[in-house]
Amino acid sequence: MRPFVWISGASSGIGAALAASVPFPDARVIDLSRTGGCVEHFKADLSDPADWLRVEQHFTTELASYTGDRVVFIHNAGTISPIGPAEKVGRDAYTHAVLLNSAAPQILGSAFLRASAHLSCPRHLILISSGAAKTPYAGWSSYSAGKAASEQWVRTVALELPPTCQVLAVAPGVVDTPMQSEIRSADVESFPSVARFQTLKSTGALSSPETAASGIWSLLTKDLPNGSCVDLRNL
C-alpha cells in the first residue's frame with residue numbers, strides 16, 4: 001500500500017508547494033483546509049473545534065486498516081491575523097488566531113499520533129514553525145505564542161514516542177507567500193517592524209515556497225534528534 005501524506009493548509013503558499021513536491025511518487029496526498037488545492041481535499045476549518053473532531057475521525061478511519069510503509073502529517077495551516085497590539089485587536093479575530101495557531105497543532109498532532117499508534121511503519125509529524133517562536137515582534141502576539149507553543153509541544157511529545165515516530169518543528173524562513181503580502185500591508189502602528197519585511201521583498205531576499213518545501217521534505221532523510229526544532233536557514 002502506498003505512502004499516506006496529509007498536509008494542512010495546502011491550498012496556497014508553502015502548503016501547496018509541499019503537496020506538489022511530495023517525494024513519494026505513488027503517495028496518496030490529502031489537503032486539510034477550507035478551500036482545497038491541487039490534491040485530494042478534506043474540507044475543514046482548522047480553527048473550529050468541531051472540525052478537529054472530524055479530522056480525527058478521518059485519520060482514524062483512513063488508518064484503521066492501513067498496511068503501507070509510511071504515514072506523514074505536516075501541519076502547515078496558520079494565520080498571522082490579527083496584526084496589532086493585543087489590547088487593541090478584536091476579540092473574535094484574536095480567538096480565531098489562538099485556536100488556529102496554538103490549539104490546532106496540538107489537538108491535530110495528538111489526533112494523528114493516536115490514529116497511527118498501532119502502525120509499525122515509520123510515522124512523521126512535522127509542525128511548521130517560525131523564527132517568531134523565538135524572536136518576539138510587536139503586533140504578532142498570537143502568532144508568535146502559537147509557534148512557541150508548537151515547538152515546546154514537539155520537544156515534549158518526542159520524549160514519549162518510539163523511535164519509529166519522528167516529530168519535528170521547522171521554521172522555513174521568510175518565504176514569498178500570501179501571508180508575507182499581508183504582513184507588508186500592515187500599518188506601522190500595528191506592526192512597527194513592517195519596513196524590514198517590505199525591504200526583504202524589494203531586495204529579493206524572500207525564498208520561494210518551492211525552496212521551502214524542498215527543505216522541509218529533506219528533513220525526513222536527515223539524522224535529526226527526535227523533537228528537534230530547526231530553522232531551514234541554519235541547516
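Could you figure out which of (1) on the phi > 0 side of the Ramachandran plot; (2) surrounded by fewer than 17 Cβ atoms within 10 Å (Cβ to Cβ) isn't true of GLY173?
(2) is the only condition that GLY173 fails.
Table: residues versus (1) surrounded by fewer than 19 Cβ atoms within 10 Å (Cβ to Cβ); (2) more than 30 Å from THR199 (Cβ to Cβ).
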| site | (1), (2) |
| --- | --- |
| ALA103 | yes, yes |
| LEU119 | yes, yes |
| TYR143 | no, no |
| CYS165 | no, yes |
| LEU168 | no, yes |
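Go through the range 110-134 and give me each residue that's within 24 Å of THR177 (Cα to Cα) and either part of a helix (DSSP H, G or I) or of a type outside the set (A, V, I, L, M) (or both).
Answer for the range 110-134, where residues must be within 24 Å of THR177 (Cα to Cα) and either part of a helix (DSSP H, G or I) or of a type outside the set (A, V, I, L, M) (or both): SER129, SER130, GLY131, ALA132, ALA133, LYS134.
Regarding the range 184-192, can at least one residue be identified that is closer than 23 Å to GLY15 by Cβ and crowded, with 18+ Cβ neighbours inside 10 Å?
Yes, the range 184-192 has at least one match.
Give, as residue ranges, the helices (runs of 4 or more DSSP H) completely inside the range 163-235 that count at least 1 residues that are hydroxyl-bearing (Ser, Thr, Tyr) and over 23 Å from VAL29 (Cβ atoms).
Hits in the range 163-235: 178-184, 194-202.
Tally up the residues in the range 61-71 that are open to solvent by less than 50 Å² (accessible area, probe 1.4 Å), out of contact with any Lys or Arg (no Cβ under 8 Å at 6 or more places or on another chain) and not in a loop (DSSP other than H, G, I, E, B), please.
Qualifying residue count, the range 61-71: 1.
Which members of the range 82-98 meet the condition of being among the hydrophobic types (A, V, I, L, M, F, W, C) and open to solvent by 50 Å² or more (accessible area, probe 1.4 Å)?
ALA86, VAL98
On the given criteria, is GLY78 more than 20 Å from GLN166 (Cβ to Cβ) and surrounded by fewer than 16 Cβ atoms within 10 Å (Cβ to Cβ)?
The answer is no for GLY78.
The values are calculated or read from the model by the stated rules, or taken from the named source; none is laboratory data. None of the values given here were measured: they were computed from a predicted structure. With ideal geometry, Cβ positions are generated from the backbone for all residues, glycine too; neighbour counts draw on all protein chains shown. Just the protein is used for accessible areas: all its heavy atoms, side chains included, with ligands, DNA and RNA removed. Shrake-Rupley method; radii C 1.70, N 1.55, O 1.52, S 1.80 Å.
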